Amino acid sequence: MTEEIQNLYLNYASLIADKLEENLQNDLVSVLLFGSAARGEAGEGSDIDILIVAEKFGKEGRFEVFNTIEKDLKASEEYRELKKNKLGTLISPVPLTPYEVEKNPSILLDIVTDGIMLYDVDDFIINKMESQKKT
């Protein structure tokens, strides 16, 4: 069951990454799924932890992009599959700039072990995670 749950979340998270790329375009640097959804341990009350690294998030603020893509996400087959399987669909975004990641690499500690990369320009997060593992 764990792998099945993980795949359902991975499908939905991939859609989230696609929608973020459509909206943030060249400003998007990295998208990474982490937490219980990435480990396949999520359940009905679980949220979907997503790290988003972008150069900028728009005039409306860091979380506004999620309001923009929410309608498309809720209309998706991936969303319906999670609901059908009684799995949590609340997205808990962690929006950061590359500068914030550079200044606070300890942010990555929780995601180094179980994070699943969905989008990563020039291996930005992968390189940061590798250097974090070495410390």
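Since every read-out is calculated from the coordinates, none of them should be taken as a lab result. Computed from a prediction, not measured in an experiment: that's the story for all the values here. A quick note on method: Cβ atoms are made from the backbone with ideal geometry, for glycine too, and the neighbour counts reach across all protein chains shown.
Below are the figures for this structure:
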{"read-out": "Proximal lysines to K128, defined as alpha-carbon separation beneath 29 angstrom and excluding residues fewer than eight positions away on the same chain", "value": "K19, K56, K59, K103"}
{"read-out": "Net charge contributed by nearby residues that have their C-beta within less than 9 Å of T68 (K/R +1, D/E -1)", "value": "-2"}
{"read-out": "Interchain or long-range residues, amide H under 5 Å from S92's placed H", "value": "I48, D49, I50"}
{"read-out": "Region 1-85, relative contact order in percent, only Cα pairs under 8 angstrom and at least six apart counted", "value": "33"}
{"read-out": "Nearest-20 debye value, the chain charge dipole, Cβ charges on Lys, Arg, Asp, Glu", "value": "280"}
{"read-out": "Percent antiparallel among DSSP beta bridges (both partners in region 3-133, rounded to 5)", "value": "60"}
{"read-out": "Convex hull volume per residue in cubic angstrom - Cα atoms of the chain", "value": "98"}
{"read-out": "Cα gyration tensor, region 1-48 - rounded (a/c under 1.5), prolate or oblate", "value": "prolate"}
{"read-out": "Normalised contact order of region 27-135, rounded percent, pairs of Cα under 8 Å and 6 or more residues apart", "value": "39"}
{"read-out": "Anisotropy class of region 58-107 from Cα gyration tensor, a/c 1.5 cut", "value": "oblate"}
{"read-out": "Dipole-positive endmost among F57, Q6, S46 within the chain (Cβ charges, Cα centre)", "value": "S46"}
{"read-out": "Gain in span if fully extended, K74 to T113, counting 0.36 nm per residue against the direct Cα distance", "value": "11.1 nm"}
{"read-out": "Built amide H within the under 5 Å cut-off of L118, gap 5+", "value": "V31, L32, L33"}
{"read-out": "Highest average packing first - 32-45, 68-81, Cβ atoms within 10 Å", "value": "32-45, 68-81"}
